[in-house]
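Engineer: Below you will find the structure I want to go over with you.
The values are calculated or read from the model by the stated rules, or taken from the named source; none is laboratory data. These numbers were taken from a predicted model, which means no experiment stands behind them. Positions of Cβ are backbone-derived with ideal geometry, glycine not excepted, and every protein chain shown enters the neighbour counts. Note: areas computed on protein heavy atoms with side chains; ligands, DNA, RNA excluded. Shrake-Rupley method; radii C 1.70, N 1.55, O 1.52, S 1.80 Å.
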Amino acid sequence: EAIQKMVVGDGNKLYDAMTDNGGGMEDALASQKAIVPIDTSKISNWKNILPIYNEGGAAASTIRHKGKVVAVPYISNADSLAYNHSEIKADLDSWAALFDAQFKGRAAMQNDFGPTLTNTGIYLKQSGKQDIVDPSNMTPAEVKGVCQFLIEQKKKGQFRTFWDGFQNGVSLLSSEEVLVSSCWEPVQIVAGKKSGKDIRYGTMKEGHQTWNNVFMLTAGGKKRGQEEAYYKLMDVYLSPWFGARTLATFGFAPQMQGVNEYLDANPNDFDEAKRKLIKQRLANKQARYAIKGNSWQNVFPKHIREYQDWWARVQAA
């Protein structure tokens, strides 16, 4: 919908800058000239950007189109598994927990074929249960295998539900309807606060779907002379000031270096407990990003029709 709005609709007349839903929108928009290349020399904090975004880095392609930088990352994460440690009395480090009989009827996954098929594909690949080359861009046969596995699990009653929307994800965990759930990190954070239970967010040994959201300068924004305003905003998003606060509030991964140094240099910004929490969340993220099996989010897999068709069968099972 966003691409249609920006390419054939009136989006470029309305918006000077826009964010995405991760994993390929920048290519689709840049190829249609709905967004324009940016001049990173005009962003003073560009020097802070994580090395993975430099040319040749693991995430370099997520901000470039045909070699030109067209986007600035502002949040990212490696989505994982939330689990109720208060009830389980153990730490979980494998996606296998979602399919473990001891959690039958108390497991949940996201009602979205992107993260759910990718994370299931990562688990099946790394555990040796299925042959999958790239969990973020699977072949029709690989998609079929992943979905047949999920259908089998669903028919056995393994899943309480496939959750939709932030509040639904929070409610399932905080009410203890489910003890394990694949979810966004803010879902786990809010569920823990709401329930008062020790709901943790694990590091999965098989890997995770990693993603980022980026900000882009629209062709209309450049035409209207909004480049300077855009670059000023991007300076905020690449500042450790922002990185510390997005960690504290939402648990999203900052896209710049220097957050710990910022915290040490500005002790009055957060109390000691909050500084400790921010540093721990950052360390947890760095551990997740280091896992070998991680796959970057791809909202436009080559065989997207097979993804859609097989996901409909999962939903109907």
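Engineer: Residues that are farther than 30 Å from Ala2 by Cβ and at pLDDT 95 or above: which helices (runs of 4 or more DSSP H) entirely in the range 122-217 hold 3 or more of them?
Structural biologist: Working: elements: 140-155, 166-174, 185-195.
Once the helices (runs of 4 or more DSSP H) in the range 122-217 are filtered for at least 3 residues that are farther than 30 Å from Ala2 by Cβ and at pLDDT 95 or above, what remains is 140-155, 185-195.
Engineer: Another one. Tell me which of these Ser61 doesn't satisfy, since it passes every other one: (1) open to solvent by 30 Å² or more (accessible area, probe 1.4 Å); (2) closer than 30 Å to Ser127 by Cβ; (3) modelled with pLDDT of 95 or more.
Structural biologist: (3)
Engineer: Can you tell me which residue in the range 40-91 is farthest from Leu173 (Cα to Cα), limited to those that are in contact (Cβ under 8 Å) with a residue 40 or more places away in the chain and part of a loop (DSSP other than H, G, I, E, B)?
Structural biologist: Ile43
Engineer: Lys222 passes all but one of (1) of a type in the set (Lys, Arg); (2) surrounded by 16 or more Cβ atoms within 10 Å (Cβ to Cβ); (3) in a loop (DSSP other than H, G, I, E, B); which number fails?
Structural biologist: (3)
Engineer: Does Leu117 meet the test of being farther than 24 Å from Gln280 by Cβ, free of Cβ contacts under 8 Å to residues at least 40 places away in the same chain and open to solvent by less than 10 Å² (accessible area, probe 1.4 Å)?
Structural biologist: Details: farther than 24 Å from Gln280 by Cβ: yes; free of Cβ contacts under 8 Å to residues at least 40 places away in the same chain: no; open to solvent by less than 10 Å² (accessible area, probe 1.4 Å): yes.
No.
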